[in-house]
Amino acid sequence: MFLHLLQLGRIPYAEGLDIQARVVAARKAGFIGDTLLLLEHPPVITLGRNASRANILAGDDWLRARGVELHEVNRGGDVTYHGPGQLVGYPIVDLRGDLPGKRGPYLGPVDFVRMLEEVLVRTCADFGVMAKRIPKCTGVWTFGGTPTRDDKTVTNGAPGSSTIPEKKLAAIGVHVSQGVTSHGFALNVTTDLRDFDWIIPCGITDRGVTSLEIEADPATEPTMERAANAAARNFGRVFGRQMVWCESLEQLLAPAPRAAHESKDL
């Protein structure tokens with residue numbers, strides 16, 4: 001089994017939505033197999049189906065003056081931010097396919113999200129960053145703990161001591177239509193975290209955000225290219241697929257060549 005991989009670089013959010021819609025339509029029609037789109041966006045704030053405008057702290061005029069777009073989308077979740085230095089992944093996957101952990105005719109959306117979390121936990125581990133899930137808080141988080149005298153963090157402290165809360169490394173929000181997924185995940189790699197001051201990420205007020213660049217040992221060099229390669233590699237491992245790289249959207253959507261006897265003139 002294989003899965004297409006298309007890396008699009010940094011593109012406007014609206015263009016990313018259009019590409020995603022074309023790939024989803026092709027997947028629903030059975031013209032292509034499951035596909036992972038990896039990309040990066042200029043600064044944009046998106047509102048999921050459960051979003052509250054109260055979680056956008058900056059005014060529309062202020063954001064517009066700085067070129068920050070607002071988009072309401074059909075994914076699950078609340079308000080989130082995308083921007084330079086953040087790896088965005090749009091997995092276009094038919095949940096009725098041959099997928100690990102499938103019980104019944106299709107893989108449940110919640111199980112699919114758990115698998116995305118596993119992809120990102122493994123990707124963080126590739127850069128020496130321990131990450132985890134938090135029940136009822138979809139996404140991938142650092143481990144919290146208690147501060148020591150030299151301000152480093154340990155995971156087991158004395159009862160009653162002040163603790164450092166977990167920080168969010170990656171957000172996840174998906175949409176499923178006719179069994180096919182869209183939208184996906186956003187992993188902070190070298191993101192300017194000051195941009196998250198414009199929102200209350202995912203409506204969560206008691207935990208902050210962080211990035212691989214901040215959490216990783218500098219020797220691991222968590223660049224966007226290395227993070228994208230790690231995410232693609234771990235996606236293949238978690239979903240049990242061989243990743244097949246596509247050079248362009250046109251190559252991905254090109255019709256399969258007909259057999260030799262079909263191409264001959266009659």
Exercise. Excluding ligands and nucleic acids, what accessible area in Å² is computed for Thr191 using a 1.4 Å probe, to the nearest 10?
Worked result: 10 Å²
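Let me have the 222 nm mean residue ellipticity of the chain computed from DSSP H runs of 4+ only, each contributing -39500 (n - 2.57), with the sum over all residues rounded to the nearest 500.
Calculated from helices alone, the mean residue ellipticity at 222 nm is -7500 deg cm²/dmol.
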Problem set entry | Met130-Ala58 pseudo-label distance in nm [points 7 Å out on the Cα-to-Cβ vector] | 3.5 nm
For this session: Would you check the accessible area of His41, probe 1.4 Å, heavy atoms only, in square angstrom rounded to 10?
Result: 0 Å²
For this session: Give a residue-ordered list of calculated ³J(HN,Hα) values for the range 74-90 (Karplus: 6.51 cos²θ - 1.76 cosθ + 1.60, θ = phi - 60°; whole Hz; x for Gly, Pro).
Result: 9, 6, x, x, 10, 8, 9, 10, 10, x, x, x, 10, 7, 9, x, 10
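Hey, what's the chain come to in accessible area per residue, 1.4 Å probe, Å²?
Ligands and nucleic acids excluded, the result is 51 Å² per residue.
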Exercise. Rg(Cα) of the chain divided by 2.2 N^0.38 Å?
Worked result: 1.08
Exercise. Where does the range 1-126 land on Rg(C-alpha)/(2.2 N^0.38 Å)?
Worked result: 1.17
Seminar exercise, completed: Which residues qualify? For Gln7, with a placed amide H closer than 5 Å and at least 5 residues away or on another chain, they are Leu38, Cys246
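Pairs of alpha-carbon atoms within less than 8 angstrom and 6+ residues apart define the contacts here; what relative contact order does the chain have, in percent?
25 percent
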Exercise. Among His71, Val121, Val93, which residue has its Cα positioned farthest towards the positive end of the charge dipole of the range 47-129, with +1 placed on the Cβ of Lys and Arg, -1 on the Cβ of Asp and Glu, and the dipole taken about the Cα centre?
Worked result: Val93
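Using the Cβ atoms and a cut-off under 9 Å, what net charge is assigned to the surroundings of Leu70, where Lys and Arg are +1 and Asp and Glu are -1?
Working: positive: Arg64; negative: Asp60, Glu69, Glu72.
Net charge in that neighbourhood comes out at -2.
The values are calculated or read from the model by the stated rules, or taken from the named source; none is laboratory data. Remember, predicted model here, so these are calculated numbers, not experimental data. All Cβ positions, even for glycine, are placed from backbone atoms using ideal geometry, and neighbour counts span all protein chains on display. Heavy atoms of the whole protein, side chains included, go into the accessibility calculation; ligands, DNA and RNA do not. Shrake-Rupley method; radii C 1.70, N 1.55, O 1.52, S 1.80 Å.
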